[in-house]
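To start, the structure under review is shown below, and the notes come after it.
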Amino acid sequence: MANNVDSLRSSRPQANGQQEAAIRRRQNQRRKVFGRSVRYFWLYVIAILLACITAFPLVWLLITIFKPTYEIYQYPPTLFAKIYTLSNLRYVLSGTFLQPFFNTVYITVVTSILQVLVNGLAGYALAKHRFPGRTLIFYLFLSSMMIPFQIYLIPDFLIIKHLGLLDTRTSLIISWIGSAGSVFLIRQYMLGLPDSTLEAARLDGASEWRTFFQVVVPMATPVLGVVAIFSFFSQWNNLLMPLILIHSQSRYTLPLFLVFSPSSNPGQNMAAAFVTSIPPLIVFLLLQRYFSQGVALTGTGEQG
Amino acid sequence: MVATQQGGPMKNAKRTGHKVPVLPYVFLLPMMLSFIVFNLIPVFWSFGLSFTNYNLITPAHFVGGANYAHALFHSSLFWLAVRHTVWFVVAVPLGILISLSAAFLINALPWGQGLFRFIYYLPSALSSIAMGVLWAFLISFGSKSILSVVLHDIGFAAGLNFTGPGLFLVFVIFSGMLTGWGPGMVIFSAGLRGVNQEFYDAGKLDGAVGLKATWYITLPQIRLTLMYVVITGMIGSFQVFESLFVIGSLGTGQQFGPLNSGLTLVPLIYEKAFSYLQFGYSSAIAFLMLSVILVLTVLAMRYGQGGQALGK
């Protein structure tokens with residue numbers, strides 16, 4: 001209530017200012033219609049030029065997929081081919097490519113689900129429960145966010161080795177679940193959830209677990225979506241961990257496969273690169289809203 | 001409101017009598033396990049290793065600060081990696097200038113904002129590894145590469161060889177910039193929309209229009225966002241690895257480019273540890289890198305909150 005009155009009071013002088021500003025703007029508009037359309041023309045020229053530079057490699061990739069090998073190797077190279085073929089697409093449907101593809105899908109999906117669950121529960125506990133050690137644990141997580149991941153590289157390798165998990169897909173999953181950054185994001189978001197709703201659920205006799213899954217999770221979907229997307233992207237593109245943990249070709253993930261088992265035919269490699277990009281693109285398109293939110297929340301597009 | 005906020009958890013504690021509530025710890029358990037095993041123990045382990053000569057095969061011996069001394073005073077390779085890393089770090093503001101300009105550009109367009117934003121963001125939304133594979137393809141065959149020919153066609157010098165030691169590093173920096181400025185653009189675009197229109201109206205009365213308005217009104221308004229993006233970008237560029245590895249391996253046939261021309265700190269850490277098994281030395285380099293990153297991170301956290309508030 002008090003807030004409403006305040007905002008009413010402060011909005012009144014603003015309204016006057018806005019009216020004057022609007023009148024000024026309209027006058028300026030009439031004067032500058034011509035100048036403005038010239039300016040817009042140049043803005044669009046720059047925007048389109050920038051789009052061309054950004055899209056150029058991608059367009060080349062797409063066309064290369066449909067070129068026969070001898071056209072790819074011809075010099076000087078041309079963007080368009082005389083003959084197009086679908087044969088390179090057969091490669092991405094072969095077992096050679098599908099095995100690392102499904103390895104990566106399996107690892108990425110399991111990691112994302114576990115990341116949301118494990119970090120979600122931790123974030124919930126830190127945001128909505130009081131218990132001895134809460135502040136200590138929070139600051140422990142917070143300070144670990146400062147430490148670059150490369151510090152863990154050697155010990156993580158040694159630990160996985162001692163656990164007897166070297167060269168397993170499980171090793172890639174368990175080394176990627178806990179993320180202090182995700183816990184931090186989730187906690188910050190959940191601090192804003194109304195306690196009254198949680199209290200109501202508890203009064204209705206819901207257990208803590210049920211409260212979490214049926215009340216907290218639906219309310220925290222945006223931040224959990226952000227965490228899911230970031231863990232998906234970071235695991236899908238994870239190169240360093242598989243590089244040190246995986247040796248057998250049958251357990252290669254896509255990044256390893258693309259770097260260590262490239263086909264001798266560039267068209268096939270481009271097809272593989274293209275298909276590798278599709279799942280992140282789908283995730284991005286489906287969850288675009290969460291994504292830009294996440295970019296704004298964390299300041300980066302990678303590594304949640 | 002305030003009463004219930006504090007009442008909720010308190011009531012929960014009351015229900016279990018004087019005992020400490022168990023459930024929060026159960027909620028935290030999986031995360032704590034993962035955190036202790038893969039984060040907490042490794043930090044101390046790695047720090048300990050950095051004072052030994054551990055090589056996975058023979059038992060570790062304490063060597064004091066020898067690893068640090070070797071890196072700082074006797075290794076030209078370490079300083080080469082530092083110099084290359086500095087290139088990446090110094091390039092960050094340039095990339096951010098592109099992001100910021102694109103954000104200005106997009107926000108000024110009367111229509112097609114969504115389309116252009118999508119195109120600009122597209123390379124960042126694809127797999128970064130796949131983009132590396134693509135760049136490697138575009139520069140392979142040295143001075144006869146696709147990119148050399150295309151650049152010559154649009155007026156650059158003929159026969160630029162991006163797989164040679166001279167241009168490899170520059171190429172990786174620029175290709176990374178070209179594929180990576182999308183997220184920055186989104187942050188700035190949101191930040192710019194948050195700038196109050198009244199400031200511009202007031203500025204106009206004082207003659208601040210165009211670039212002047214940008215300099216005196218917009219930039220101070222998004223200062224915190226700007227600082228935050230610059231610093232986190234620099235921290236990220238310290239850790240550059242995969243683009244060098246992918247483009248180097250596939251484009252030039254050598255992991256980090258020809259003649260170590262793309263060797264930065266993380267590649268050095270990786271190579272020393274997993275090619276030469278010098279775990280102690282590698283850990284020492286990692287901690288030298290950490291000390292610089294910590295300084296940047298503290299700066300980022302100081303600006304972080306302001307940056308987030310504006311970024312949303």
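Each stretch of four or more DSSP H residues adds -39500 (n - 2.57); spread over every residue of chain B, this sum gives -21000 deg cm²/dmol at 222 nm. Amide H contacts for A:T85 (H built 1.01 Å from N in the peptide plane; partners 5 or more residues away or on another chain; cut-off under 5 Å): A:K67.
Residue exposure proxy: A:V215, B:V86, ordered by other Cβ atoms within 10 angstrom of their Cβ from fewest to most, comes out as B:V86, A:V215. Modelled spin labels at B:Y25 and B:D201, positioned 7 Å past Cα toward Cβ, are 5.9 nm from each other. Compute the Cα gyration tensor for chain B, then decide on rounded, prolate or oblate, letting a ≥ b ≥ c be the square roots of its eigenvalues: rounded whenever a/c is under 1.5, prolate when a/b is larger than b/c in the other cases, and oblate in all that remain. The shape class here is oblate.
Hydropathy first: keep DSSP H helices in chain B averaging at least -1.0 on Kyte-Doolittle, then drop any whose Cα extent along the axis falls short of 30 Å, and list what survives. Helices meeting the criterion: B:76-108, B:279-311. Sorted ascending by nearby beta carbons within 10 Å, beginning with the fewest, A:W236, A:W60 become A:W60, A:W236.
Under conditions of 20 °C and 1.002 mPa s, region B:155-312 yields 115 µm² s⁻¹ as its translational diffusion coefficient, taking Rh as the Kirkwood radius over Cα pairs in the Stokes-Einstein equation.
Taking a ≥ b ≥ c as the square roots of the eigenvalues of the alpha-carbon gyration tensor, region B:24-89 is classed oblate because a/c is 1.5 or more while a/b is no larger than b/c.
Taking chain A as a Gaussian network of alpha-carbon nodes connected by springs under 10 Å, the highest mean-square fluctuation of the residues A:L245, A:L50, A:L287 belongs to A:L50.
Multiplying the residue separation of B:F104 and B:F73 by 0.36 nm and removing their Cα-Cα distance gives an extension gain of 6.5 nm. For a straight C-alpha distance cut-off of 15 angstrom, the aspartates and glutamates reachable from B:K212 (same-chain residues fewer than eight places away being disregarded) are B:D201.
Look at the alpha carbon pairs under 8 Å that are at least 6 residues apart: their mean separation over the length of region B:124-235 gives a relative contact order of 18 percent.
Helical content of chain A, expressed as a calculated mean residue ellipticity at 222 nm, amounts to -23500 deg cm²/dmol (DSSP H runs of 4 or more residues, -39,500 (n - 2.57) each, divided by residue number, nearest 500).
Summarising the amide proton neighbourhood of B:T52: residues at separation of 5 or more, or on other chains, whose placed amide H is nearer than 5 Å comprise B:V63. Considering only B:F188, B:F35, B:F51, the mean-square fluctuation computed in a Gaussian network model of chain B, springs between alpha carbons under 10 angstrom, is largest for B:F35. FRET efficiency for the B:V90 to B:F156 pair, using the beta carbon distance and R₀ = 30 Å, is estimated at 0.85. Pairs of alpha carbons in the protein assembly as shown separated by more than 40 Å make up 35% of all such pairs. Mean Kyte-Doolittle of at least 0.5 and a Cα length of 18 Å or more along the axis: which whole DSSP H helices of chain A meet both? Once both thresholds are applied, what remains is A:95-128, A:221-236, A:266-286. Taking chain B as a Gaussian network, where each spring joins two C-alpha atoms under 10 Å apart, which residue of B:Q197, B:Q239, B:Q254 fluctuates the most? So, out of B:Q197, B:Q239, B:Q254, the one fluctuating most is B:Q197. Ranked by how many other Cβ atoms sit within 10 Å of their own Cβ, fewest first, the residues B:V195, B:V26 fall in the order B:V26, B:V195. At an R0 of 30 angstrom, the distance between the Cβ atoms of A:S37 and A:V59 translates into a FRET efficiency of 0.50.
The value of relative contact order for chain A, using C-alpha pairs under 8 Å at least six residues apart, is 26 percent. Taking 7 Å steps out from each Cα toward its Cβ at A:S261 and A:T168 produces label points 2.1 nm apart.
The simple spin-label model puts a point 7 Å past each Cα toward its Cβ; for A:L136 and A:L93 those points are separated by 6.0 nm. Please work out whether region B:131-237 counts as rounded, prolate or oblate from its C-alpha gyration tensor, where a ≥ b ≥ c are the square roots of the eigenvalues and a/c under 1.5 means rounded, while otherwise a/b larger than b/c means prolate and anything else oblate? Prolate is the answer for region B:131-237, as a/c is 1.5 or above and a/b outweighs b/c. Applying 1/(1 + (r/R0)^6) with R0 = 25 Å to the Cβ-Cβ distance of A:M219 and A:L286 gives a FRET efficiency near 0.75.
In a DSSP loop and with at most 12 other Cβ atoms within 10 Å, the trypsin sites (Lys or Arg not before Pro) in region A:80-142 are A:K82. Under the criterion of Cα pairs below 8 Å and six or more residues apart, the relative contact order for region B:75-311 equals 28 percent. For chain A, the Kirkwood hydrodynamic radius comes to 24.0 Å, computed from all pairs of different C-alpha atoms.
No lab work stands behind these numbers, since they all come straight from the coordinates. Remember, it's a predicted structure, so these values are computed and weren't measured experimentally. Neighbour counts are summed over all protein chains in view; Cβ atoms, including those assigned to glycine, are modelled from backbone coordinates with ideal geometry.
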